1. Between residues in the range 125-140 that are more than 22 Å from Pro238 (Cβ to Cβ) and aliphatic (A, V, I, L, M) and residues that are at pLDDT 95 or above and surrounded by fewer than 21 Cβ atoms within 10 Å (Cβ to Cβ), which pairs lie under 7 Å by C-beta distance while being six or more apart or on different chains?
2. What are the residues in the range 66-105 that are outside any strand (DSSP E or B) and not hydrophobic (A, V, I, L, M, F, W, C), if any?
3. So the check is Cβ under 6 Å with 6+ separation or different chains; which pairs have a first residue in the range 66-89 that's without any contact (Cβ under 8 Å) to a residue 12 or more places away in the chain and a second one that's among the hydrophobic types (A, V, I, L, M, F, W, C) and surrounded by fewer than 24 Cβ atoms within 10 Å (Cβ to Cβ)?
4. Out of Thr87, Thr102, Thr43, Thr91, I need the residue that is at pLDDT 90 or above, within 26 Å of Ala227 (Cβ to Cβ) and β-branched (Val, Ile, Thr). Which one?
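The values are calculated or read from the model by the stated rules, or taken from the named source; none is laboratory data. Because the structure is a prediction, the values reported are computed rather than measured. Here Cβ is always computed from backbone atoms with ideal geometry, including for glycine, and neighbour counts include all displayed protein chains.
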Amino acid sequence: MRQLLERKTALLNLLTFLAIILATGAVSCCSYGHKKIPQPVSTNVHSSFLFVLNKNYQKVCVGPVCQERVQAGTGSGFSIAATKSYTVAVTAGHLCTPDPGTYKQETSVVMLGGQSYKADILIVAPHTDTCIIGIPGVSIKPLKIAMVKAQRGERVYALSAPFGLFDSHMVAQFEGFYAGPTDSVVPKGVPGSDLKLDGYTIPSRPGSSGGPIVNYRGEVVGMIVMAHPMFENFTLSPRQEDLLEILEIAILAAKHMGD
């Protein structure tokens, strides 16, 4: 009987001790909930990603003999507006710019799941290195635009296909932080040095260009256009306010296309 009473007393003391700890906040069960810690970006954004393939057809002549040459480039993109049978997407402007001597271009996109569609280049905006493309015959879920700018130090996420790293069942996702606006980190004379850009500590390589940069809500805050020439883990994007203007034009274009 005495041993039983001692066990009950010890159990009561333990429960009292735990109650005191929780009440004083020494260990808070609520601090591990989603209200205190932002969750990773929703996987729903992956269905808006596009693998972009652009082919430039050229004729190369040596004397009287001419041959056709195809220069292919790959990049990333994302849907920004869609009707029932037409999608307007965005990618990097340099991917849509034809190489010298090109007489014909062919652009296509592949979405998660492996479906491939032909695309038309609608607008190239060199001042932001962006390109708006139209994709007839399909409605691809668009990403939302962030109405609030990212803050310095804010965690962000990027979807891209560096070196063509893409599969019908896989989209590479990266994370980093928003560093702030810049117009001086790219050395003069390097392509892109004349652009006003935002900096992100996100890795990117050739093929990443055009990939969306989103906040934890999955809203677009930027788009990869280049990596720093000396540091591949520092990615550059058009300024958020400049990109927003282009995306609004893309949405307006979608309203006049398709259904």
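1. Between residues of the range 125-140 that are more than 22 Å from Pro238 (Cβ to Cβ) and aliphatic (A, V, I, L, M) and residues that are at pLDDT 95 or above and surrounded by fewer than 21 Cβ atoms within 10 Å (Cβ to Cβ), the close pairs are Val138/Tyr117.
2. The answer is Thr83, Lys84, Ser85, Gly93, His94, Thr97, Pro98, Asp99, Pro100, Gly101.
3. Gln67/Val60
4. Being at pLDDT 90 or above, within 26 Å of Ala227 (Cβ to Cβ) and β-branched (Val, Ile, Thr) holds for just one of Thr87, Thr102, Thr43, Thr91, which is Thr91.
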